[in-house]
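Here the structure is laid out as structure tokens; the discussion comes afterwards.
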């Protein structure tokens, strides 16, 4: 529950209005287009209904003379006067058939405009979600390695999948609310022209009622914040637990996984039920209040104020539209209150990643002609030291192996070599040049990295090797496969380079998967090949096949391997043992 409380705290001092202002500032042109489209559609809807209402009013006043003109009525209402003036400007008498035709045309035109408006709104919402996701991806990709080590993959997945979508829905609801309020102002001005006293009284009553219903907005907002926090926790737990589900299943302890996720999911269900109740309660109460206000208003206008039936009908219509628009605006505000926590959570993740952006420190291009060296390196993690005043040398063109007990700092050593981490003291040098003076992206592009677990996706061999890089050709892939001793078995696969490897490479053996991972590391012609426990999860036959590949590569490029396996130690030109904060050179096994 502590993690959940922490996830909710950043939104405590920010709300839906701030979210809407942020999004409108970011998309000024698109926001104006969306508001304009929604406003035009709403006004056309009102104009069409006003025309039909005037048609009914004219019909009731004309009695037997159904074709009487509006000008002949005793006390025409404002909409009737406007319609009369519009028809008069083109020399047409506003008879019932003409009014009916105008109303039908306006409604059909409104339908077309609504279609175009909804398309514009849909494009805008999709763009907002896309931009937020791209912002997160770019910020995370540019962040330094220590940020990756501290982040939950599940929380980032939740931000990409659910928070971006909910934030874009908040933008949609904000645009709808703004358009409804603007339209309500227009209708209010028309209603004031008919009777400012009745309009003012109706607006006062509506304000009291809607103000009272605002408690449901706050309830929905709290439920939305609860939902955001729970989704983040659930998806983080899901990601972590599913990564270890096989041993849990093998030991019959999957019930621990079920208990953790089920408990959080039931809490999420409670939050969703509160959210649904708040939304439906507001809708039901608003509709009931609208009917009551309309009935009271009609009685007052006819019995107390002694207003003509036609004017009362027009005013009732205008007031009903105003209250309806205000009710819809309040419901849109409620939707925004539900969505705003997702926006701020995503915004926080983007800002956090941007604050951890890896700074560019140098611009030199390193060649690795002689060696990589540690010059009195010291490094500590936040909770414990790793190295203190240690030195080593990795000669170019040789296989250097690093060994030692688990947790001694072997992975930290290769992260320092790759420039993913910076030493607290001392220097990592390449050919005598401090790595801080180098362009680190250029340096890393000259590195091939083979992890302990070959990360293959359910795609073709070709795409698993190139990772979608457009500059790589089939010849490049075949060259890399040949160097990795993998071309022969790939050629035998049905489809060759286009053959699918299955989910996580399930159609391949462990040794085949690892040789594809080596081919992927070699396809860009690296100067340095890093092997991080590359043979530790393989059976003996697969391990020997991979070791044979590494033996073939010796002398062609510089290799740095982290391992516990004796086979790799036997191939090594140089061996370092990491233990108790020290890096000591030991003799390779003969």
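The values are calculated or read from the model by the stated rules, or taken from the named source; none is laboratory data. Keep in mind the model is a prediction, meaning the values are calculated, not measured. Every residue, glycine among them, receives a Cβ derived from its backbone with ideal geometry; neighbour counts consider all protein chains shown.
Against the condition within 15 Å of residue 515 (Cα to Cα) and either in the same structural domain as residue 519 (by TED's automatic domain parsing) or assigned to a strand (DSSP E or B) (or both), how does residue 543 come out, does it pass? Can you show your working first?
Numbers: within 15 Å of residue 515 (Cα to Cα): yes; either in the same structural domain as residue 519 (by TED's automatic domain parsing) or assigned to a strand (DSSP E or B) (or both): yes.
The answer is yes for residue 543.
Whether any residue in segment 515-523 is part of a helix (DSSP H, G or I), farther than 18 Å from residue 556 by Cβ and either without any contact (Cβ under 8 Å) to a residue 60 or more places away in the chain or in the same structural domain as residue 445 (by TED's automatic domain parsing) (or both) is what I want to check. Reasoning before the result, please.
Step one: list which residues in segment 515-523 are part of a helix (DSSP H, G or I), which gives 515-522.
With the extra rule that they be farther than 18 Å from residue 556 by Cβ, the set shrinks to 516.
Retained after the next criterion (residues that are either without any contact (Cβ under 8 Å) to a residue 60 or more places away in the chain or in the same structural domain as residue 445 (by TED's automatic domain parsing) (or both)): 516.
Yes, that holds for at least one residue.
Which of (1) without any contact (Cβ under 8 Å) to a residue 60 or more places away in the chain; (2) within 25 Å of residue 563 (Cα to Cα) does residue 426 not meet, given it meets every other one?
Failing condition for residue 426: (2).
Exactly one condition in (1) buried (at least 17 other Cβ atoms within 10 Å of the Cβ); (2) more than 22 Å from residue 455 (Cβ to Cβ); (3) at pLDDT below 85; (4) in contact with a strand residue (DSSP E or B) (Cβ under 6 Å, 6 or more places away or on another chain) is false for residue 558; which is it?
Tallying (1) buried (at least 17 other Cβ atoms within 10 Å of the Cβ); (2) more than 22 Å from residue 455 (Cβ to Cβ); (3) at pLDDT below 85; (4) in contact with a strand residue (DSSP E or B) (Cβ under 6 Å, 6 or more places away or on another chain), residue 558 fails exactly one: (3).
Can residue 157 be described as crowded, with 23+ Cβ neighbours inside 10 Å and part of a helix (DSSP H, G or I)? Don't jump to the end; show me each part of the working.
Numbers: crowded, with 23+ Cβ neighbours inside 10 Å: no; part of a helix (DSSP H, G or I): yes.
So residue 157 does not fit the description; no.
Please verify whether segment 525-534 includes one or more residues that are at pLDDT below 85 and either part of a helix (DSSP H, G or I) or out of contact with any strand residue (DSSP E or B) (no Cβ under 8 Å at 6 or more places or on another chain) (or both).
No, that holds for no residue.
Looking at 409, 448, 397, 432, which is the one that is buried (at least 22 other Cβ atoms within 10 Å of the Cβ), more than 16 Å from residue 583 (Cα to Cα) and either at pLDDT below 90 or not assigned by TED's automatic domain parsing to the domain that holds residue 501 (or both)?
On the way: 409 fails: more than 16 Å from residue 583 (Cα to Cα); 397 fails: buried (at least 22 other Cβ atoms within 10 Å of the Cβ); 432 fails: buried (at least 22 other Cβ atoms within 10 Å of the Cβ).
Within the list 409, 448, 397, 432, the selection yields 448.
Being farther than 25 Å from residue 431 by Cα, at pLDDT below 85, under 44 Å from the mean Cα position of the chain (by Cα) and surrounded by 14 or more Cβ atoms within 10 Å (Cβ to Cβ) narrows it down to one of 538, 553, so name that one. Break it down into steps so the answer makes sense when it comes.
Details: 553 fails: farther than 25 Å from residue 431 by Cα.
The unique qualifying residue is 538.
Between a first residue in segment 549-560 that is outside the structural domain of residue 402 (by TED's automatic domain parsing) and a second residue that is part of a helix (DSSP H, G or I) and surrounded by fewer than 22 Cβ atoms within 10 Å (Cβ to Cβ), which pairs have beta carbons less than 9 Å apart while being 6 or more apart in sequence or on different chains?
none
Which condition number does residue 426 fail, the rest of (1) in a helix (DSSP H, G or I); (2) out of contact with any helix residue (DSSP H, G or I) (no Cβ under 6 Å at 6 or more places or on another chain) being met?
Failed condition: (1).
Tell me, yes or no, whether segment 472-479 has at least one residue that is touching a helix residue (DSSP H, G or I) at 6+ places or on another chain (Cβ under 6 Å), touching a residue at least 40 places away in the same chain (Cβ under 8 Å) and over 30 Å from residue 428 (Cα atoms).
Yes; the residues of segment 472-479 include at least one that is touching a helix residue (DSSP H, G or I) at 6+ places or on another chain (Cβ under 6 Å), touching a residue at least 40 places away in the same chain (Cβ under 8 Å) and over 30 Å from residue 428 (Cα atoms).
Quick grid of which residues meet (1) surrounded by 16 or more Cβ atoms within 10 Å (Cβ to Cβ); (2) modelled with pLDDT of 85 or more; (3) in the same structural domain as residue 546 (by TED's automatic domain parsing):
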{"residue": "461", "(1), (2), (3)": "yes, no, yes"}
{"residue": "468", "(1), (2), (3)": "no, no, yes"}
{"residue": "475", "(1), (2), (3)": "no, yes, yes"}
{"residue": "494", "(1), (2), (3)": "no, yes, yes"}
{"residue": "505", "(1), (2), (3)": "yes, no, yes"}
